[in-house]
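Remarks on the structure that follows.
The values are calculated or read from the model by the stated rules, or taken from the named source; none is laboratory data. On a predicted model such as this, the values are computed, not experimentally measured, just so you know. Reconstructed Cβ throughout: ideal geometry from the backbone, glycine too, with neighbour counts over all protein chains shown. For accessibility, only protein heavy atoms count, side chains too; no ligands or nucleic acids. Shrake-Rupley method; radii C 1.70, N 1.55, O 1.52, S 1.80 Å.
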Amino acid sequence: MPLTRVPLGVRDGRERWTVHHEGRDYLVLDLGGRLVVTDARCPHKQQPLAEGLLRDGCLVCPGHWYTFDLATGACRNATETALPLHPVVEEDGHWYAEVGVEPARSWSERLRAHAAGEGAGDR
């Protein structure tokens with residue numbers, strides 16, 4: 001899967017902020033010297049994670065209280081629901097998240113993949 005670099009903007013002492021890039025939103029968390037970047041919506045029910053609680057190295061979703069470990073992305077409530085964590089890199093004083101982007105597929109390719117039992121979630 002190809003990667004794209006998402007600029008994270010200036011930290012400015014903020015604990016959390018969202019970044020919009022190429023039609024997607026990302027949540028950036030500054031955990032005291034370590035930046036964590038994930039999708040801005042919960043993978044369970046698409047609740048806005050920017051409104052979640054930070055507690056004991058975890059992010060708690062405000063919608064259904066799913067709790068995600070910010071070191072691994074693992075969900076403490078449902079093992080099948082992991083939070084995607086995107087690697088953060090610094091280059092020339094600017095911070096970026098490296099985000100995997102699935103290539104666009106035609107409807108024909110999507111239907112063939114579906115018929116073959118491949119995962120859903122294509123855009």
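Values computed for the structure shown
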quantity: Rounded to the nearest 10 Å², the accessible area of E91 at probe 1.4 Å; calculated: 90 Å²
quantity: Binned Cα-Cα distances of the chain, short to long, each 10 Å bin given as a whole percent; calculated: 12, 40, 32, 13, 3
quantity: Per-q log10 I(q)/I(0), the range 8-51, q = 0.17, 0.20, 0.32, 0.34 Å⁻¹ (Debye; single scatterer per alpha-carbon; no solvent); calculated: -0.45, -0.61, -1.20, -1.26
quantity: Cys residues of the chain counted as unpaired, since no other Cys beta-carbon is under 4.7 Å; calculated: C58, C75
quantity: Environment charge at H21 (Cβ cut-off 13 Å; Lys +1, Arg +1, Asp -1, Glu -1); calculated: -2
quantity: Distance in nm between pseudo-label sites at K45 and A78 (7 Å out along the Cβ direction from Cα); calculated: 0.9 nm
quantity: The chain, accessible area per residue, ligands and nucleic acids excluded (1.4 Å, Å²); calculated: 63 Å²
quantity: Interchain or long-range residues, amide H under 5 Å from L31's placed H; calculated: V36
quantity: Structure-based [θ]222 nm, the chain - -39500 (n - 2.57) summed over DSSP H runs of at least 4, per residue, nearest 500; calculated: -2000 deg cm²/dmol
